[in-house]
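Student: Encoded as structure tokens, here's the structure I'll be asking about.
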Amino acid sequence: MYWNEEIETIDRSNLKKLQLKRLQGTVRILYEKVPFYQNKFKELGITPEDIKSLDDVRKLPFTTREDLRDNYPYGLLAVSRDKIVRLHTSSGTTGKPKAIFFSKNDINQSAELIARCLIMTGVTKDDVLQNMMTYGLFTGALVMHYGAEKVGILVIPAGPGNTERQIALMQDFGSTCLHLTPSYALYLSEVMESKGIKPKRDLSLKRAYLGAEPYSEETRKKLESMFEIDIYNSYGLSEMNGPGVAFECICKNGMHIWEDNFLVEILDPSSDEPVKEGQEGELVLTTLCREGMPLLRYRTKDITKVISGDCPCGRTHRRISRILGRVDDMFIVRGVNIFPQQIERVLMSIKGVAQNYQILLESYDKLSVKVEIEQDFFDGSIEHLLNLKTKITEKLKSEILVTPKVELVEPGTLPISEGKLNRVIDKRTL
Ligand code: ADP
Ligand code: ZN
């Protein structure tokens with residue numbers, strides 16, 4: 001099933017023609033309307049006429065999150081203020097937020113992309129989506145909400161938190177789909193378990209969309225078996241209008257990225273040169289349909305790779321892998337580069353490990369990991385507990401090449417979050 005078969009299965013040579021036409025249009029508008037880009041074009045000595053092929057995208061300037069902050073609040077608008085109907089901001093962790101503006105067409109377009117995504121996972125009008133992302137300045141909940149309404153399904157704007165009420169809503173209204181962060185999903189499953197709720201027996205859930213934070217394949221598998229549903233990966237960022245940028249289809253093997261809306265580059269972050277197809281690099285995106293605030297070559301800092309080959313679902317838009325890390329997430333201990341996802345992947349594959357963990361960086365040669373483990377292990381013998389601790393330490397060491405100090409803690413003792421959860425506490429920079 002497709003939402004928009006013509007565009008979703010478009011022949012790749014036609015897709016490229018469409019991309020070029022849209023890229024040229026976007027560049028022309030920015031050249032005429034946005035002083036920030038006018039200055040950049042002048043510095044680089046280029047004009048819209050220089051964009052003759054898709055490869056010419058490499059002549060264009062990058063846009064970074066700092067550029068968004070420097071031009072806060074209205075500096076990057078490409079249309080007059082009266083054409084803008086919505087503001088979102090992206091949290092970021094330091095300094096000013098990034099302001100993202102939507103025109104009416106941008107709202108429609110982002111809903112269109114979500115509609116494609118939902119239909120791609122088998123949703124029909126009979127579905128009920130419980131949207132547990134944060135409503136408000138974040139894009140996550142509202143963009144999904146509008147897309148789901150476009151499809152015509154019932155949306156429950158639950159927002160995050162208040163877990164007992166979430167469960168009651170699922171029971172009372174027969175929610176079939178959930179939209180939430182992986183860390184909240186882990187917490188929710190823990191609460192359901194403690195209340196003796198068996199999803200298949202007591203609820204109508206079929207699938208969940210997890211995004212906004214990185215998580216591993218092991219976490220997906222763990223959650224799929226706990227909730228007894230299909231879990232689909234959903235990727236987006238406020239700078240690209242929020243969720244709906246890339247999404248998994250029913251094949252669950254990488255996320256189709258909507259290339260009629262986004263021009264995709266995967267670059268080696270150290271050289272800014274394109275990597276070979278299939279190799280890992282930083283995802284850099286250029287908006288092709290955005291009206292209010294088009295962005296050229298936005299550096300997402302997210303690391304991914306293109307999954308080569310055709311997808312059995314028939315969609316021709318390429319797939320990207322699960323986000324493998326963020327350029328700025330990486331930390332170095334004893335000279336070894338480590339991504340938090342490597343630690344998560346190992347932990348979630350070990351039987352006895354519960355839902356949550358925390359990474360503590362105390363010095364440049366010491367890494368500690370606090371791991372919640374299942375209650376049974378605490379109630380059982382000390383020998384079992386020590387064996388588990390050794391197993392976790394050894395498996396982590398073989399993945400990250402550094403021996404971590406592992407501390408086992410009872411389930412429910414580590415912090416959780418309604419929004420994005422930061423599991424790395426870096427005491428070296430505090
Ligand atoms: P910020 O966190 O900067 O305020 P957003 O809320 O827009 O901005 O978050 C976007 C970021 O969230 C992405 O750049 C990416 O790092 C992360 N993200 C979103 N979806 C996923 C996903 N499915 N897997 C991994 N990371 C994701
Ligand atoms: Zn597919």
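Student: What number, in percent, do you get for the relative contact order of the chain if the mean sequence gap of Cα pairs under 8 Å and at least 6 apart is divided by its residue count? Provide the component values of the computation, followed by the final result.
Tutor: Working: 830 pairs, mean separation 60.2, N = 430.
In percent, rounded to a whole number, it is 14.
Student: While we're here: What's the angle, to the nearest 10 degrees (0 to 90), between helix 139-151's Cα axis and the longest principal axis of the chain?
Tutor: Result, in degrees: 80.
Student: Identify, among MET133, GLY25, VAL327, the residue whose Cα sits farthest towards the positive end of the charge dipole of the chain, taking +1 on the Cβ of Lys and Arg and -1 on the Cβ of Asp and Glu, with the dipole about the Cα centre.
Tutor: My answer, from the dipole projection, is GLY25.
Student: Another question, if that's okay. Which net charge results for the neighbourhood of LYS252, defined as the other residues with beta-carbon distances under 9 angstrom from its beta-carbon, given Lys and Arg at +1 and Asp and Glu at -1?
Tutor: Values: positive: ARG220; negative: ASP230, GLU248.
Value of the local net charge: -1.
Student: Quick check: from the Cα gyration tensor, does segment 1-61 come out rounded (a/c under 1.5), prolate or oblate?
Tutor: Values: a/c = 3.69, a/b = 2.30, b/c = 1.61.
Prolate.
Student: Per residue, how much accessible area does the chain have with a 1.4 Å probe, in Å²?
Tutor: Accessible area per residue, the chain: 44 Å².
Student: What do you get for the angle between helix 12-33 and the principal long axis of the chain? Use alpha-carbon atoms, 0 to 90 degrees, nearest ten.
Tutor: 70
Student: Okay, moving on. Along Cα→Cβ, 7 Å out, is where each label goes; now give me the distance between the ones at LYS33 and ASP82 in nm to one decimal.
Tutor: Here the modelled spin labels are 1.5 nm apart.
Student: Among SER110, SER271, HIS384, whose Cα sits farthest toward the positive end of the charge dipole of the chain (+1 at Cβ of Lys/Arg, -1 at Cβ of Asp/Glu, about the Cα centre)?
Tutor: Most positive-ward Cα: SER271.
Student: With just the Cα atoms defining each centre, how far is segment 351-413 from segment 8-32? Give it in Å.
Tutor: About 50 Å separates the Cα centre of segment 351-413 from the one of segment 8-32.
Student: Between the helical axis of 104-120 and the dominant principal axis of the chain, each derived from Cα atoms, what acute angle in degrees is found, rounded to the nearest 10?
Tutor: Relative to the chain, helix 104-120 is tipped by roughly 50 degrees.
Student: Determine the gain in length on full extension of the stretch GLU362-GLU66; use 0.36 nm per residue of separation and subtract their C-alpha separation, reporting nm with one decimal.
Tutor: Result: 103.7 nm gained on full extension.
Student: Per the Debye formula with a single identical scatterer at each Cα and no solvent contribution, what log10 I(q)/I(0) holds for the chain at q = 0.13 Å⁻¹?
Tutor: The calculated log intensity ratios at q = 0.13 Å⁻¹ are -1.21.
Student: Let me ask something else. Quick one: net charge of GLU280's neighbours, Cβ under 11 Å, K/R +1, D/E -1? It would help to have the intermediate numbers written out before the result.
Tutor: Values: positive: LYS276, LYS305; negative: ASP268, GLU282, ASP302.
With Lys, Arg at +1 and Asp, Glu at -1, the net is -1.
Student: How many percent of the accessible area of the chain is carbon or sulfur, using a 1.4 Å probe? It would help to have the intermediate numbers written out before the result.
Tutor: Working: 9490 of 18990 Å².
Carbon with sulfur: 50 percent of the solvent-accessible area.
Student: Something else: Give me the dipole magnitude in Debye, nearest 20, for segment 1-328 about the Cα centre, with unit charges on the beta carbon: positive for Lys and Arg, negative for Asp and Glu.
Tutor: That gives a dipole near 380 debye.
Student: Run the quick spin-label model on MET1 and ASN253: label points 7 Å from Cα toward the beta carbon, then report their separation in nm to one decimal.
Tutor: Between MET1 and ASN253, the label points sit 2.3 nm apart.
Student: At a Cα cut-off below 27 Å, give the lysines reachable from LYS366, other chains included and same-chain residues fewer than 8 away excluded.
Tutor: Those lysines meeting the cut-off are LYS301, LYS351, LYS389, LYS391, LYS395, LYS397, LYS405, LYS420, LYS427.
Student: Kindly provide the chymotrypsin sites (Phe, Trp or Tyr not before Pro) of segment 1-83 that DSSP labels as loop, not H, G, I, E or B, and whose Cβ sees at most 16 other Cβ atoms within 10 Å. Write down the numbers at each step before the final one.
Tutor: Values: sites: TYR2, TRP3, TYR31, PHE36, TYR37, PHE41, PHE62, TYR74; in loops: TYR2, TRP3, PHE62, TYR74.
Within segment 1-83, the qualifying chymotrypsin sites (Phe, Trp or Tyr not before Pro) (loop, at most 16 other Cβ atoms within 10 Å) are TYR2, PHE62, TYR74.
Student: If you take every DSSP beta bridge fully contained in segment 331-426, what fraction is antiparallel? Give it as a percent rounded to 5.
Tutor: Bridges in segment 331-426 that DSSP calls antiparallel: roughly 55 percent.
Student: I would also like to ask the following. Antiparallel as a % of all DSSP beta bridges within the chain, to the nearest 5? Walk me through the numbers on the way to the answer.
Tutor: On the way: 39 of 63 bridges.
Taking every DSSP beta bridge with both residues in the chain, the antiparallel ones total about 60 percent.
Student: How much net charge surrounds LYS397 when only other residues with a Cβ under 13 Å from its Cβ are counted (Lys, Arg +1; Asp, Glu -1)?
Tutor: Working: positive: ARG334, LYS389, LYS391, LYS395, LYS405; negative: GLU394, GLU399.
With Lys, Arg at +1 and Asp, Glu at -1, the neighbours total +3.
Student: Further question on the same structure: Can you give me the relative contact order of segment 281-409 as a percent, contacts being Cα pairs under 8 Å and 6 or more apart?
Tutor: Details: 187 pairs, mean separation 22.5, N = 129.
Once normalised by length, the contact order is 17 percent.
Student: Name the residues whose placed amide hydrogens come within less than 5 Å of the amide hydrogen of ARG86, ignoring near sequence neighbours (fewer than 5 apart) on the same chain.
Tutor: Here the answer is PHE102, since their amide H atoms fall under 5 Å of that of ARG86.
Student: Give the residue list of GluC sites (Glu not before Pro) in segment 246-326 that are DSSP loop and have at most 16 other beta-carbon atoms within 10 angstrom. It would help to have the intermediate numbers written out before the result.
Tutor: Details: sites: GLU248, GLU259, GLU265, GLU277, GLU280, GLU282, GLU291; in loops: GLU259, GLU277, GLU280, GLU291.
Here the GluC sites (Glu not before Pro) that fit, given the DSSP loop and packing criteria, are GLU277, GLU280.
The values are calculated or read from the model by the stated rules, or taken from the named source; none is laboratory data. Note that the structure is a prediction, hence the values are computed from the model and not measured. Positions of Cβ are backbone-derived with ideal geometry, glycine not excepted, and every protein chain shown enters the neighbour counts. Each accessible area value is taken on the protein alone, full model and side chains, heavy atoms only, with ligands, DNA and RNA left out. Shrake-Rupley method; radii C 1.70, N 1.55, O 1.52, S 1.80 Å.
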